[in-house]
Amino acid sequence: MYRTKTNGELRLSDAGTTVTLAGWVQRTRKFGGMTFVDLRDRYGITQLVFNEEHDASLCEQANKLGREWVIQVIGEVSERSNKNPNIPTGDIEILVKTLNILNESITPPFTIEDNSDGGDDIRMKYRYLDIRRSCVRQNLELRHKFAFEVRRYLDEQGFLEIETPILVNSTPEGARDFVVPSRMNPGQFYALPQSPQTLKQLLMVAGMDRYFQIVKCFRDEDLRADRQPEFTQIDCEMSYVEQEDILQMFEGMSRHLFKAIKGIDIPALPRMTWADAMKNYGSDKPDTRFGMTFVELKNNQPDNASREIVESIFPAGFTVFDEAAYIGAICCEGQAVYTRKQIDQLTDFVKRPQIGAKGLVYARVQEDGSVKSSVDKFYTPETLEVLKNKMNAKAGDLILILSGSDAMKVRKQLCELRLEMGSRMGLRDKSKYSCLWVIDFPMYEWSDEEQRLMAMHHPFTSPKPEDIPLLDTDPASVRANAYDMVVNGVEVGGGSIRIHDAKLQQKIFEILGFTPEQAQQKFGFLMNAFKYGAPPHGGLAYGLDRFVSLFAELDSIRDCIAFPKNNSGRDVMLDAPGFIDQSQLDELCLQVALPAEEK
Ligand code: ASP
């Protein structure tokens, strides 16, 4: 037997027993005639002691151990005189009688401890060593527990986990597909699923009633901290349901996960319409851990987010405001202490190309209640008083104002500013959770690039029944039976009630610009299936990586993925993707023509 115990389980009550342990040498320390070794495995660290006086040759052997060598020891559990309260095994140590070296290790490229000296790149290249670090390992343990509790909950609710194929045709989720050439069908390609969307709908037609799958999905998109080319969804679909049934079922799942994994009782999830989310937070995934919601000071551009005209509180005088279609502001409590330099930093922040604001106007409410602002010279104290009242600002508060010609663009800029201020003011504590549903999304959004309406969620989403007549007259204002679950400003999941009527589905394809032939060619399989008694159905999918990274309080989803890709979509450990042999290309009838600079 390689071991009788792990390195995480021995306690004072085990003192006097003889045990066999195995693991990696984390570090060795020599004090006079004693050598101490920290022995590590997945379960923890146990201190080993070798005493020169008891066995000089054994101690000599121990002194030769290098970092990450794999060893086995037999010894007696004994109470430590110098206890370590920081680890669960800190009360004991092992007086070693036998030492076996199971494998040696060359010196690892970074220290395998929580505070490693290895940078991101090197740790990813040697990810198998990185995972030996407890902080990385714990994320994978949490991920396992999370997936396990998802399965437990959904199984109890009668869901069946059903696998769907990975080699499929292109699925329209709006991203680029990864494709796989077919050797047996020369010139033809499979696409890897962006999600099992159509397949899970077919499972509803097939009568499976409640389906789920923890499944890899693939999207060939430009990568950000919260995106990976392959990622994992908790994909779910139910038959004979309305939106309310889905919201209840999955609110229940979130409640179960928070309780089982974090020990947190989350309150009932508030529901916010997409319009309110955009109007008050400038985002369809508002971070509701803090307030600081938008106040519209002018809006002469009614849209889906706010349909009412708001007359400007500012009389004519300052051209920027006079010409703006929208002026919005946030009130930052107690931040009037912001220095000129700090405000300049904020101005630079909103002017960065990624945010794109032209400038930032501020107003400080002073201790005596009067208002001092960067646009003082254009306005009377009375106007600034109106501003103060409109913003509900008190002495000591800082008002930040953005304006522009496109309300939606300014809202998005103001959203970034609000999040920045939230972070600066310490209002975005990762260990506090604020969950909500965002509902009533628009069916469509206008794409400047494609010069047409695009499905905001996907083309299988059903419109709100009361908005169906608008499909003919004003499709851009039609709302969908679609919903997202948002946690701390992160969209963790989203879905919709689906169209189950072939004719309505046909019409939606038309509005999206598909000819009947194109629709038939791409989605004929689904529309045909709908002709055989498709039940009303709906569902949603969670991003498992995102949800787990929130639970683990991580900045990047990468840290809860065993072998993630880097920002260029590469696996630096496997050095993938890579070139393939000419013979393989020939077999697939493929020719590769690289752009000149890459040859
Ligand atoms: N397939 C959708 C997605 O990946 C989720 C859903 O509508 O169920 O976003």
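What follows is calculated from the coordinates using simple rules that are stated; it is not laboratory data. Just so it is clear, the model here is predicted, and its values are computed rather than measured. Quick reminder, even Gly has a Cβ in these numbers, built from the backbone with ideal geometry, and neighbours come from all protein chains shown.
Per residue, the chain reaches -8000 deg cm²/dmol at 222 nm when only DSSP H runs of four or more residues are counted, each adding -39500 (n - 2.57). Antiparallel beta bridges, as assigned by DSSP with both residues in the chain, represent about 95 percent of the total such bridges.
Loop-only check: which trypsin sites (Lys or Arg not before Pro) in segment 487-574 are DSSP coil with at most 13 other Cβ within 10 angstrom? In loop regions of segment 487-574 (DSSP not H, G, I, E or B), the sparsely surrounded trypsin sites (Lys or Arg not before Pro) are K531. Do you know the relative contact order of segment 1-79, to the nearest whole percent, from alpha carbon pairs under 8 angstrom that are 6+ apart? So the answer I get is 38 percent. The residues neighbouring A552, those whose beta-carbon lies less than 13 Å from its own, together hold a net charge of +2 under the Lys/Arg +1, Asp/Glu -1 convention.
Once you reduce segment 330-367 and segment 1-62 to the center of their Cα atoms, the two points are 57 Å from each other. Based on Cα contacts under 8 Å between residues 6+ apart, segment 430-562 shows a relative contact order of 23 percent.
Work out the length of the dipole vector of the chain about its Cα centre, built from +1 on the beta-carbon of each Lys and Arg and -1 on the beta-carbon of each Asp and Glu, and round it to the nearest 20 debye.
The dipole of the chain has a size of about 920 debye.
Each residue of segment 14-28 was assigned a 3J(HN,Hα) from its phi angle through the Karplus curve 6.51 cos²θ - 1.76 cosθ + 1.60 (θ = phi - 60°); the sequence is 8, 3, x, 8, 9, 10, 10, 10, 9, x, 9, 7, 7, 6, 10 Hz, with glycine and proline shown as x.
The packing ranking of peptides 194-203, 156-165, 215-224, highest mean first, is 194-203, 215-224, 156-165, where packing means the average number of other beta carbon atoms within 10 angstrom of each residue. Whole-Hz Karplus values for segment 48-62 come out as 9, 10, 10, 10, 4, 5, 7, 8, 5, 6, 5, 5, 4, 4, 4 Hz, taken residue by residue from phi with 6.51 cos²θ - 1.76 cosθ + 1.60 and θ = phi - 60°; glycine and proline positions read x. Taking a straight Cα-Cα cut-off under 19 Å and skipping sequence neighbours fewer than 8 places away in the same chain, the lysines within cross-link reach of K507 are K464, K522, K531.
Karplus-derived 3J(HN,Hα) values for segment 280-295, using 6.51 cos²θ - 1.76 cosθ + 1.60 with θ = phi - 60°, are 9, 10, x, 8, 8, 9, x, 7, 9, 5, 8, x, 6, 6, 6, 10 Hz; glycine and proline are entered as x. Considering only beta bridges that DSSP places wholly inside segment 4-138, some 95 percent are antiparallel. Ordering 72-85, 98-111, 403-416 by mean Cβ neighbour count within 10 Å, with the highest value first, yields 403-416, 72-85, 98-111. Here is the link list: K200/K565; K285/K432; K358/K388. Which ones come out longer than 21 Å on Cα distance? The pairs that break the limit, which is 21 Å between Cα atoms, are K200/K565; K358/K388.
For chymotrypsin sites (Phe, Trp or Tyr not before Pro), the sites in segment 504-537 that DSSP calls loop and that have at most 12 other Cβ atoms within 10 Å are Y532. Simple rule: put +1 on each Lys or Arg Cβ and -1 on each Asp or Glu Cβ in the chain, find the dipole, and look at P286, G32, S370; the Cα lying farthest toward the positive end is G32. Only Cα pairs under 8 Å and 6+ residues apart enter the sum, and on that basis the relative contact order of the chain stands at 12 percent.
Angle check, please: helix 340-351 long axis (alpha carbons) against the longest principal axis of the chain (alpha carbons), in degrees 0 to 90, nearest 10. Long axis of 340-351 versus the principal axis of the chain: about 80 degrees. Positive contributions from Lys and Arg (+1) and negative ones from Asp and Glu (-1), summed over other residues with Cβ under 12 Å from the Cβ of K216, come out at -3. For the pairs K145/K259; K351/K412; K30/K64; K64/K125, flag any whose C-alpha to C-alpha distance is greater than 20 Å. Where the Cα-Cα span goes over 20 Å, the pairs concerned are K64/K125. Axis angle, to the nearest 10 degrees, between helix 381-390 and the longest C-alpha principal axis of the chain: 60 degrees.
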